[in-house]
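Written below as structure tokens is the structure these notes are about.
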Amino acid sequence: KIFCLINNAGVGFRGSIKDLGLEHIGKTIDVNVCYPVFFTKLLIDNLTRNESVIVNVASSIAYNPLPHMSVYSASKAFLSNWSESLTYELKGTNKVITISPSGISTNFQKAAGVKVSNSGKGLLAPEYVAEEVIEAVYGKRSVVILGGKTKLLLMVSKFLPRKLNIFFWGKLFGKLR
């Protein structure tokens, strides 16, 4: 019996679409989009029969475009939308949770080519994220966004015109990351 499936793998690469190689684009889409969908589909009979919890780890950037990491942000937007759709599709049998953390202090930033301070300041601790996942599994929320600054930025970006929002995220990412 599977109590909980956590689709947590994620990969991304910093660079514009002109700069990214097809290998990086393909890997991002495979890991962030194809594998969670295929893996869940392969297990769906077991998951529904056992009323398993399904947790999909998206990203806080799933809710906004991110110039210079466009494939990554688009792949996480796909995962978020798919996960939230599953919440409805499986409402009679499964609890589906979408977790969208801001940056986590893992090797992701280095592997992606993203600038980060030596102290990892501003990144979430993996232990904190794990605790929030466990809390969500036993709680009532189906969408969990982690990171105080991220929540504030997401709230503000809802009120910006789309063109200004893209400009804002591009400048912010370019400056900080």
Phi-derived 3J(HN,Hα) across the range 28-35 with the Karplus relation (6.51, -1.76, 1.60, θ = phi - 60°), rounded Hz, x for Gly and Pro, is 4, 5, 4, 5, 8, 10, 5, 4
Here the range 152-163 yields Karplus 3J(HN,Hα) values (6.51, -1.76, 1.60; θ = phi - 60°; whole Hz; Gly and Pro given as x) of 5, 4, 5, 5, 5, 5, 4, 9, 8, x, 3, 4
Measuring from its Cα centre, the chain shows a charge dipole (+1 at each Lys and Arg Cβ, -1 at each Asp and Glu Cβ) which, in debye to the nearest 20, is 720
With +1 at each Lys and Arg Cβ and -1 at each Asp and Glu Cβ, the charge dipole magnitude of the range 1-93 around its Cα centre, to the nearest 20 debye, comes out at 80
Too long for a 21 Å Cα-Cα cut-off, among Lys1/Lys95; Lys27/Lys171; Lys91/Lys151; Lys41/Lys151; Lys95/Lys151, are Lys27/Lys171; Lys91/Lys151; Lys41/Lys151; Lys95/Lys151
Contour minus Cα-Cα span, Phe168 to Arg49, at 0.36 nm per residue, comes to 38.3 nm
For the chain, longest principal axis from Cα atoms; helix 126-138 axis from its Cα atoms; angle between them, nearest 10 degrees, is 40
Once the dipole of the chain is set up from charges on Cβ (+1 Lys and Arg, -1 Asp and Glu), the residue from the list Ser102, Ile29, Tyr138 lying farthest towards its positive end is Ser102
Extension length gain for Lys91 and Glu23 (0.36 nm per residue less Cα distance), in nm, is 20.8 nm
To the nearest Å², the heavy-atom accessible area per residue of the chain with 1.4 Å probe amounts to 58
Ranking Glu135, Glu89 from most to least accessible area with a 1.4 Å probe gives Glu89, Glu135
Percent relative contact order for the chain, counting Cα pairs under 8 Å at least six residues apart, stands at 24
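The values are calculated or read from the model by the stated rules, or taken from the named source; none is laboratory data. Values in this document were obtained by computation on a predicted structure and should not be read as measured data. Quick reminder, even Gly has a Cβ in these numbers, built from the backbone with ideal geometry, and neighbours come from all protein chains shown. Note: areas computed on protein heavy atoms with side chains; ligands, DNA, RNA excluded. Shrake-Rupley method; radii C 1.70, N 1.55, O 1.52, S 1.80 Å.
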